[in-house]
Amino acid sequence: MSRGLENGHGQNNAAKRRKISNGSTHSASRTSSIFAPFRTIGLVSPTAVPFTSLPLGKTTFQVTTSVGRCLHTYDLLKGLNLIFLTRPQTPADITATVAWKDRVFAAWGGEAASSDVGVWVFKRGKKVAELERPLRLSESINRLLVFGSWIVGSCSTRIEVWKSATYEHYTTLTPTMSKKAGQGAILSGGICNMPTYLNKAFVGKQDGSLDIWNLSTGKLIYTILPRSTSSGAVTAIEPTPALSLLAIARADGSIILHDILIDKAVLSLNTKVSHPSTITSISFRTDGLGAGDDGSKAGIMATAGTGDGNVTFWDLNDGGRITGILRGAHNPPPSAHGRDSVGINKVEFLPGQDVMLTSGLDNALKSWMFDANSISPTPRILHSRCGHAAPVTRLGFVPSNSDGADTGGKWLMSAGRDQSLWGWSLRRDGQSTELSQGNVRKKARRLGFLGKSLENERSTTLEDLKAPEITNMACSLNRDGGMGASSGGGAVWTNTTSKKGFTDASESNTTSWESVVTGHRGDKYARTWFWGKKKAGRWAFETGDGTEVTSVAVTACGTFALVGSAGGSVSSFNLQSGIQRQKFPSPLTPGQARKLKMSHAAGNDASATGLDGTRKFALGEGRHKRAVTGLMVDGLNRTLISCSLDGKIKFWDFQTGLLQDEIDWSPMASIIASQYYRPSDLVALSCDDLSIRVVDTETKKLVRELWGCLGQISDFCFSNDGRWVVAASMDSVIRVWDLPTGHLVNAVRTESSCTALAFSDTGEFLATAHADNVGINIWNNRTLFTHVPTRLLKEDEVSPAVAPTPSGEHGQGIIDAAFGDEVDEEEHDTGYEELASTEQLSRDMLTLSIVPKSRWQTLLHLDTIRQRNKPKEPPKAPEKAPFFLPSFASAKPPEPIKSEEQDQITFAERSRITKMDRTSTASFFTTALNTASESDDYIPFITHFKILSPSTADIEIRSLNPDELVPFVSALTYQLRSKRDYELVQAWMAVFLRVHGDAVPGNAGLRQALVEWREWQGREGKRLDDLVGFCGGVVGFMRSGRT
């Protein structure tokens, strides 16, 4: 075939695909041809920018948080449901926000050197205005304040002022730098205004002083000095409900209630603590309750900081005292970000309400409510909107259950370094939730962790009582009972392995039980979860050798869980009863052990080789010597496949625990992880030599080796149809291999390394998690709605990825563009021109027709089909119409022409009418045939003839007059001489001879045309027979046992 392409001649040569070469690489301008960014999920308040709230009428509040370059707005009345996403995204990360009236102001930029700085104004998620940019402003705006006719932005060394009516820049205020402060930032970021103080702004400084500025005149009015030079910078300022009183917090942990009017400290708090935490947020309760012995007085203040995740409540009456501490309000485990990145960035009482809002560095926004009749001074949780507090390490789409009620691709499971397991809904964001691990706060109170005082060192946090970080997970919903499943009502995560005797599982539903199994870092227990109830399950399965769990799996039926350990043991457990069912290899009974010992003593090898050349393994043989890194079970629960760091893949009998076969790659490679595609019985295994090997479990043969990763493979998966293998490596590249060809067909480079990825069962989405982000990126599979070329990629063609955004801004544009000019996009993405379509690759090749086979076969047997479909009895007269159908005279059939009137038409008139009718009704078939015979170009005629239906083609062949017989045969000979539509020409000629065969003896021209056709027919038929015979001989030789 390739020789025909190269040596083809004539006007029908195939247009070859030519490489576009412009002397420079085009990879820099390319994006992923397969995956388009959709959006980022799991982000609530991941940055240190405090939230801003705004009352909406008298019924609810709207709370706005920053998620990078986008703002999320939540409605408190709707349970903190997301209602707005801002678009477009800001050019740089948002540094400060403030809500005013019906608008939200967002300051961005300035964090990087020589970067732009600006303030945008959003209304209902859309950008409506932009503040005028001050000259020579390169610092980030840390705080925004709007009051009266002023908009104030506080930077590190200057204060910018705008007019709130026109958004015009008014002035720039430059505070003075103290001699002891040195070079660097002057302002600490705290800024506020006070009621009844017109045009006055209060600004905190790094030296602990507080400046009062008149914004109208641009002059510094007064400076409030700290009582000690060692107090540190002003970290928070907030006006109190009492006039002229301002609460000032400094870096030493002290809180001063200062009378601004007389410049005098009224109350000093937290001044004698040995290890104070820095307070960054202060708020006052304004509903007039909470203070005093019975809680009926006003005067409650709440403080919080980034040193810990606690909220402290102060009663300001009678000299001030601590009334309660809300511990662990926002406090991820130290393993999430480190001890310096925990805490609360803002606490705020809603005006006139007994509701408090908090946001922390744990990617959470929470609302708390104070009960009127409660004796506890601390509030209870009202609403919570959270996400992962640390980067995600494991991802997996929840599979469909047996009846399809929970369709695949709707839910995504994720586990992170914050020791949590989350379920994310890709359809409704409000349904996303964390799977409960029990009442952790109640457990902490029982252990006494919530009763320790502030003076003690940092104690165990609430998150430390959670299960350790999840390292692997497996799921099957075929036995999940949904929200109605019985959870047993007992304790969670009970270890049944160490218990002797019968385990009571009567509380379990007879048809549904846990559906998720997870393994944890440094823990010897694999834990179960109820997916439908989104909570922890009943069982904790212990590994057979007491070492750490390194791999878990759940059978397709959802009945059994398998646990592999770091010591090489593999065990199966029943998820309904929690009882261990089998070990791999199966332990020997005393009698079997004695028999095996005697066999070894006699010199007999228990493991031998069978007649078919396969090795037969003895009982109890085949245990892995190193950590088990993958467990897989086929769809019928017949074979268990395990792999390990020892480089071996073992195939076990699932019922007996006997080793059936193994593949040994040691010491060439160690297997790090595995993925199983059950419909095709393919297993993909990542190895420490940076390769991915694919094994067919039926033949137990290596079918593909995929190379190209330049860093350790962090995660990989099959596509939904098993055609692709998608892998992420530590070189920050996501690669896609095509399994049928083994080619690398797509590679994109992300900004940070991808740590986990998952492909949805429906093929719609690819989910990725990255090392520096707590969100989960969702990508669309573009091959579902447009053609995407999948050619072999070179190493220098790795394209940069346009990452998804929380607002989905870039993804929408790319998806819409996919429906545009596909040819231009293909040429841009691949660098190849479009391949011209043709019906014949070369004139030297005999080409069959692309007309459907059923069409020309129907034409050959049309008479038989008509005879078969002929009615067996004459049609019956229709029944009398119902009485309610009216009868009209116009509905009567036309009267037939009387015989007298018909006789009046003369023969000449009848002949003239017939001739005119024949000329006017000549078909396009006849016209094209006559034109082709005159011009000797039969291509238009053949093209028209090929699109006719079988019945129409049969009528046209039967309607040929004697003058059209020779041109018709010449047209078929032309097509046969062109070596095109071979079988179609044979069908046409068969019908022609059957209909017009009696006209051949009396027509010399027709006989000559048929002789020419027979000559070409014999020549092409002989050539076709030779080619088919040669191919058949080659195939027979290759299949022969002698070869």
Take the residues in the range 633-653 that are hydrophobic (A, V, I, L, M, F, W, C) and either in a strand (DSSP E or B) or at pLDDT 95 or above (or both); name whichever of them is surrounded by the most Cβ atoms within 10 Å (Cβ to Cβ). CYS643
Kindly establish whether GLY1021 is at pLDDT 85 or above, farther than 16 Å from LEU860 by Cα and in a helix (DSSP H, G or I). no
Looking for whichever is out of contact with any strand residue (DSSP E or B) (no Cβ under 9 Å at 6 or more places or on another chain), closer than 28 Å to SER807 by Cα and open to solvent by 20 Å² or more (accessible area, probe 1.4 Å) here; the options are SER114, SER140. Which one fits? SER114
From LEU993, LEU976, LEU1010, LEU948, which residue is under 27 Å from PRO852 (Cα atoms) and part of a loop (DSSP other than H, G, I, E, B)? LEU948
Would you check which residues across the range 266-315 are among the aliphatic types (A, V, I, L, M), in contact with a Lys or Arg (Cβ under 6 Å, 6 or more places away or on another chain) and under 14 Å from TRP368 (Cβ atoms) and list them? ILE300
Taking ASP318 as the residue in question, decide whether it is loosely packed, with under 15 Cβ neighbours inside 10 Å and modelled with pLDDT of 85 or more. yes
For residues that are within 23 Å of the chain's Cα centre (by Cα) and of a type in the set (A, V, I, L, M, F, W, C), tally how many sit in the range 37-61. 4
Considering residues that are open to solvent by less than 30 Å² (accessible area, probe 1.4 Å), modelled with pLDDT of 95 or more and under 20 Å from ASN478 (Cα atoms), the number found within the range 556-573 is 5
Restricting attention to the range 244-263, does a residue exist that is among the acidic types (Asp, Glu), farther than 24 Å from THR278 by Cβ, under 45 Å from the mean Cα position of the chain (by Cα) and part of a loop (DSSP other than H, G, I, E, B)? no
Inside the range 31-69, can you point out the residues that are of a type in the set (Phe, Trp, Tyr) and open to solvent by less than 30 Å² (accessible area, probe 1.4 Å)? PHE35, PHE51, PHE61
Taking the range 513-571 and keeping only residues that are within 25 Å of the chain's Cα centre (by Cα), in a strand (DSSP E or B) and of a type in the set (Ser, Thr, Tyr), one is left with THR518, THR528, SER551
Residue in the range 585-594 that is open to solvent by less than 40 Å² (accessible area, probe 1.4 Å), at pLDDT below 95 and more than 46 Å from the chain's Cα centre (by Cα) present: yes
Taking into account only those residues within the range 678-688 that are out of contact with any Ser or Thr (no Cβ under 7 Å at 6 or more places or on another chain) and at pLDDT below 95, which is least open to solvent (accessible area, probe 1.4 Å)? SER680
Got a sec? Which of ASN199, ASN193, ASN214, ASN270 is open to solvent by 20 Å² or more (accessible area, probe 1.4 Å), closer than 27 Å to THR174 by Cα, in contact with a strand residue (DSSP E or B) (Cβ under 8 Å, 6 or more places away or on another chain) and without any contact (Cβ under 8 Å) to a residue 40 or more places away in the chain? ASN214
Only listed residue being at pLDDT below 95 and not hydroxyl-bearing (Ser, Thr, Tyr), chosen from GLN675, GLN660: GLN660
Residue by residue through the range 518-542, note down the ones that are open to solvent by less than 10 Å² (accessible area, probe 1.4 Å) and under 18 Å from THR494 (Cβ atoms). THR518, GLY519, HIS520, ALA526, THR528, TRP529, PHE530, ALA536, GLY537, ALA540, PHE541
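The values are calculated or read from the model by the stated rules, or taken from the named source; none is laboratory data. Note that the coordinates shown come from a computational prediction; the quantities given were computed from them, not determined experimentally. Cβ coordinates were reconstructed from backbone atoms using ideal geometry, including for glycine residues, and neighbour counts include every protein chain displayed. Note: accessible area is taken over every heavy atom of the protein model, side chains too, but ligands, DNA and RNA are not part of it. Shrake-Rupley method; radii C 1.70, N 1.55, O 1.52, S 1.80 Å.
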